[in-house]
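The values are calculated or read from the model by the stated rules, or taken from the named source; none is laboratory data. Just so it is clear, the model here is predicted, and its values are computed rather than measured. Positions of Cβ are backbone-derived with ideal geometry, glycine not excepted, and every protein chain shown enters the neighbour counts. Quick note on the areas: whole protein, heavy atoms, side chains included, nothing else; ligands and nucleic acids left out. Shrake-Rupley method; radii C 1.70, N 1.55, O 1.52, S 1.80 Å.
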Amino acid sequence: MFLFIWFRSSSQIQTCPVNINFATGDLTHWYAYTGNNSDGNGEGAIKQRYDSNVTAPNGTTGAFFLTEYGLPSKAGIQVISSRTNDPFGGFPTIPTINGYNYNYSILLGSTAITRGTGANGTGAGGYIRGVSYGIHVPAGPATEPYTMTYAYAMVLENGTHVSSQQPYISVTLKTPAGVITCASPNYLLPTFGNVTQGGRGATLDSATAKRNGFKVSGNRSPNENPDPNSSGGEQYLQDVWTKGWTEVTYDLSPYRGQDVSLTFEADNCVPGGHFAYGYIAIRNSCAGLVINGDSLVCNNTVVTYSVPTLAGATYDWTIPGDWTILSSDTSNIIQVKSTSNGGSVTVREKNSCADLMDTIQIKTLPSPVGGTLVGSATVCAGENSSTLNLLNYSGVIKNWLSSSDGNTWTVIPNYTPQYTVENLGDSTFYKVEVGKGDVCPSDSSSQALVAVDQKSVGGLISPLESTLCLGQTAGEILTLSGNTGSVLNWQYSNDGTSWLNLLPALNTTTNTVRGITVSTQYRLIDKNGICPADTSSTASILFDPVSFPQATAYPADTTICYGTSASLNASIQTGTSYTWEPVSIGNSNIGTTPYDLLSQVTPESTTDYILRVVNKGCPNPLLDSFHVAVLAPVIVDAGRDTSVVAGEPLQFHAFSSDPGPDTFSWLPVIELNDPSIPDPLATYTPEDDIIKYTVKATTAFGCSGVGFITVKVFKTKPDIFVPNAFTPGLAVNTLFRPIPVGISSLRYFRIYNRVGQLVYNTSAIGSGWDGMLNGSPQGAGGYVWMVQGTDYTGNVITKSGTMVLVR
């Protein structure tokens, strides 16, 4: 079936067969075939063969792609030389595995499919594609490894067929002794086989698929669903599964001087409607097991060593005795931490395909030492200078680094152990990077900080000018703003030239001035860090010999009930006029002092009242405030007016909006068992008629509110009275409802129109019909009503009748 090309070479050179890794960018030296598996996979499915000694299109020499069988517009086998990502799996089309960069791969298969009867001239079966390489293993000792390493990745669409007819990917390594199983994996998406051969709808064994390394793609199939009516109606199914790159190594040294073949094949499903394709990449080294990793490492650094993975293999690593293993030592990758001593790293990789070993000799270099950076200092912004020195370092200074935040660093091209910082405007961190050659990673020194204090700014004092009258005890508040630094002390001067410090020192940003007898200027001294002190702006306070107003107000705060009044009292000892805010309280000139004033206010809500007293000649008024808190009104609910029959007990329930505790009193006290509680009980006699009660609730503070309820006493037995007409929409008689007398509960009250339709139903006493049904007004005319209730003795009363709706 296959045409093989044999390569002979010295066993010492251990060269790989020519273009085994597709490095020429084409399929030269490879044998290829395509076909259609409508009758199943195998030799009979191959329709087109490509000779590895013949130039394309009849062979593979110089060909970088071959089309699908019967589909000349679609590549079924092609060499890939540019890295992209697979659209379904997202993995790279040319891999990097275990530190090895593959440069080429081939794409075996496509998303093309066939369905029905003879689409594209291939018949109702799937495409089959394969490539094969005949390898003559060089003669030599069987103890000398001759290894080959390949990697594969794949994309399979679930056809929901029995497993044997699902899309399929296989690798076959065949020797004179037979197929090497451990180097010949094959994959399909397994199902539970719950359909007949050629049928669709089998259930995918997703658990097994996932164990085999498959995962479902986030992208849908590019091919339409053949059964949209039986699969939820989706036109394109999300049932494409992918398996990322897997690498396999095998040893052919047992077959020295013999011929072996390596075959890769991708088959669509046998019915033809679902695709399979895979990627194949092969290493260009056949010299046995090779450890990937640095042979020259730095002391006390983390290093990773790896070998290509081998399916089902065990790994045994040995490292220098004083090194530390940081990861598992039973996989194809090991992470270690070195010391100052070198040595050898050895690994043995063994499975049923191979028993390989490799050793790499390691030389260790001493690590650089960053050292200690000294000279941290604090300077003032502007003209400044600070010298930093690097001590106790080992290696070569590569760079100085600076940073304003300690995270982002900028290179300073200085290669000496000393650096002078000049004219900094902001605080800056510094460190030094020390290295030793290109092998060891650089080490950083400790950090030094040159902190920068911004220049002192005295700031502005407000108000710039003000006045204090004789005897003004409230004083003038001077406030500092816009300063940089801290207040050392305030100063004052009577002439603007000679300044004296406040004693004791005042280091706050506010200064309350009172009791001066001459006009005075004020300023302060501000200092930021090590920077020279600065003086603030100057504020002037003028002294006015006119007396400041004097008054005594009481009470400062008071609380009243809603609707009541509060008294605002004041006695003015010094002043010529006064005003109130709100001004509605009044204002007046003052003739003689002392002057007493009394104001009554009745606010509806909590209010602040301000008394403003002025003494002519002094520009500063005396302000005094009165806070009047108004308690919320007390709302009393005595209940709805009601009707009873003589002898029927009536339970009252009065409620207050105040949270309590409140006291209650009822008037009149007719028939009430206790008029001093919120819920007295009354039993009426035939002599009683209509009684209007008033209930008063009084809070603990003394505020009160009242509620009202009217009781109508009927001389009849308990009954339910129903009017014979009503007019909806008017101010009175707007609801049609029963009037229960002596009735404790209402079972139902129903109203029917002339065709027997129920238009209203309730069991709530006091509720009634407004003449509407489902939001529409009902027509004028006669209606039938029915009512049933239970009186206070337990008797059931049932009545019915007619009424007229008038519009």
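For the stretch 517-539, a residue qualifies if it is crowded, with 17+ Cβ neighbours inside 10 Å and either over 17 Å from residue 501 (Cα atoms) or touching a His at 6+ places or on another chain (Cβ under 9 Å) (or both), and the qualifying residues are 528, 529, 531. State yes or no: is residue 743 closer than 25 Å to residue 640 by Cα, in contact (Cβ under 8 Å) with a residue 40 or more places away in the chain and surrounded by 13 or more Cβ atoms within 10 Å (Cβ to Cβ)? Taking the combined requirement at face value, the residue satisfies it.
For the stretch 705-725, the condition holds for at least one residue, the condition being that it is under 22 Å from residue 640 (Cα atoms), in a strand (DSSP E or B) and among the small types (Gly, Ala, Ser). Residue 186 passes every criterion in (1) closer than 27 Å to residue 290 by Cβ; (2) among the polar types (S, T, N, Q); (3) free of Cβ contacts under 8 Å to residues at least 24 places away in the same chain apart from (1). With respect to (1) closer than 28 Å to residue 457 by Cα; (2) open to solvent by less than 90 Å² (accessible area, probe 1.4 Å); (3) in a loop (DSSP other than H, G, I, E, B), the lone exception for residue 421 is condition (3). Output the residues belonging to the stretch 332-372 that are small (Gly, Ala, Ser) and either on the phi > 0 side of the Ramachandran plot or at pLDDT 90 or above (or both). Listed by number, the residues that qualify are 338, 342, 343, 344, 370, 371.
If you filter the stretch 424-456 down to residues that are open to solvent by less than 60 Å² (accessible area, probe 1.4 Å), part of a loop (DSSP other than H, G, I, E, B) and among the polar types (S, T, N, Q), you find that the one that is nearest to residue 378 (Cα to Cα) is 427. Looking only at the stretch 457-482, residues that are open to solvent by 50 Å² or more (accessible area, probe 1.4 Å) and in contact with a Gly (Cβ under 9 Å, 6 or more places away or on another chain) come to 5 in all. Restricting attention to the stretch 641-687, the residues that are more than 58 Å from the chain's Cα centre (by Cα) and assigned to a loop (DSSP other than H, G, I, E, B) total 18.
Inspect the stretch 588-596 for any residue being free of Cβ contacts under 8 Å to residues at least 24 places away in the same chain and of a type in the set (A, V, I, L, M, F, W, C) and give the result as yes or no. Yes, there is a match, as at least one residue in the stretch 588-596 is free of Cβ contacts under 8 Å to residues at least 24 places away in the same chain and of a type in the set (A, V, I, L, M, F, W, C).
When 160, 196 are checked against the criterion of being touching a strand residue (DSSP E or B) at 6+ places or on another chain (Cβ under 7 Å), over 30 Å from residue 51 (Cα atoms) and in a loop (DSSP other than H, G, I, E, B), 160 stands alone in meeting it. Of the residues making up the stretch 752-804, those that are of a type outside the set (S, T, N, Q), over 25 Å from residue 642 (Cα atoms) and without any contact (Cβ under 8 Å) to a residue 24 or more places away in the chain are 755, 756, 758, 773, 775.
Looking at 63, 32, just one residue is surrounded by 21 or more Cβ atoms within 10 Å (Cβ to Cβ), farther than 23 Å from residue 125 by Cβ and either at pLDDT 95 or above or in contact with a Cys (Cβ under 8 Å, 6 or more places away or on another chain) (or both), and that residue is 63.
Restricted to strands (runs of 3 or more DSSP E) entirely inside the stretch 342-386, those with at least 3 residues that are of a type outside the set (Val, Ile, Thr), touching a residue at least 60 places away in the same chain (Cβ under 8 Å) and surrounded by 15 or more Cβ atoms within 10 Å (Cβ to Cβ) are 355-365. Given the structure, is residue 389 open to solvent by 20 Å² or more (accessible area, probe 1.4 Å) and either closer than 30 Å to residue 246 by Cβ or in a strand (DSSP E or B) (or both)? Considered against the rule, which asks whether it is open to solvent by 20 Å² or more (accessible area, probe 1.4 Å) and either closer than 30 Å to residue 246 by Cβ or in a strand (DSSP E or B) (or both), residue 389 comes out as yes. You will find that of 167, 190, 185, 138, the residue that is over 52 Å from the mean Cα position of the chain (by Cα) and not basic (Lys, Arg) is 138 and no other. Counting the residues of the stretch 426-442 that are among the small types (Gly, Ala, Ser) and more than 39 Å from the chain's Cα centre (by Cα) gives 2.
If you go through the stretch 57-82 and keep only what is more than 21 Å from residue 280 (Cα to Cα) and free of Cβ contacts under 8 Å to residues at least 24 places away in the same chain, you end up with 57, 58, 72, 73. Among the residues of the stretch 66-91, those that are buried (at least 18 other Cβ atoms within 10 Å of the Cβ) and over 14 Å from residue 50 (Cβ atoms) comprise 70, 71, 80, 86, 88, 89. Regarding residue 699, is this residue touching a strand residue (DSSP E or B) at 6+ places or on another chain (Cβ under 7 Å) and open to solvent by less than 60 Å² (accessible area, probe 1.4 Å)? In short, no. All of 244, 257, 288 fail the test of being surrounded by fewer than 20 Cβ atoms within 10 Å (Cβ to Cβ) and touching a Pro at 6+ places or on another chain (Cβ under 6 Å), apart from 288. Restricting the first member to the stretch 610-624 and to residues that are over 14 Å from residue 551 (Cα atoms), and the second to residues that are open to solvent by 40 Å² or more (accessible area, probe 1.4 Å) and assigned to a loop (DSSP other than H, G, I, E, B), the beta-carbon pairs closer than 6 Å and six or more apart or on different chains are 616/576.
Comparison of 536, 547 shows that the only residue that is over 30 Å from residue 657 (Cα atoms) and in contact with a Ser or Thr (Cβ under 7 Å, 6 or more places away or on another chain) is 547.
Inspect all residues belonging to the stretch 44-60 and state whether any of them is in contact with a Gly (Cβ under 9 Å, 6 or more places away or on another chain), within 27 Å of residue 164 (Cβ to Cβ) and assigned to a loop (DSSP other than H, G, I, E, B). Within the stretch 44-60 (the criterion being in contact with a Gly (Cβ under 9 Å, 6 or more places away or on another chain), within 27 Å of residue 164 (Cβ to Cβ) and assigned to a loop (DSSP other than H, G, I, E, B)), the answer is no, since none of the residues qualifies.
For residue 174, the stated conditions hold: it is surrounded by 15 or more Cβ atoms within 10 Å (Cβ to Cβ) and out of contact with any Leu (no Cβ under 7 Å at 6 or more places or on another chain).
Taking the conditions (1) assigned to a strand (DSSP E or B); (2) touching a Leu at 6+ places or on another chain (Cβ under 7 Å) in turn, residue 701 satisfies each one other than (1).
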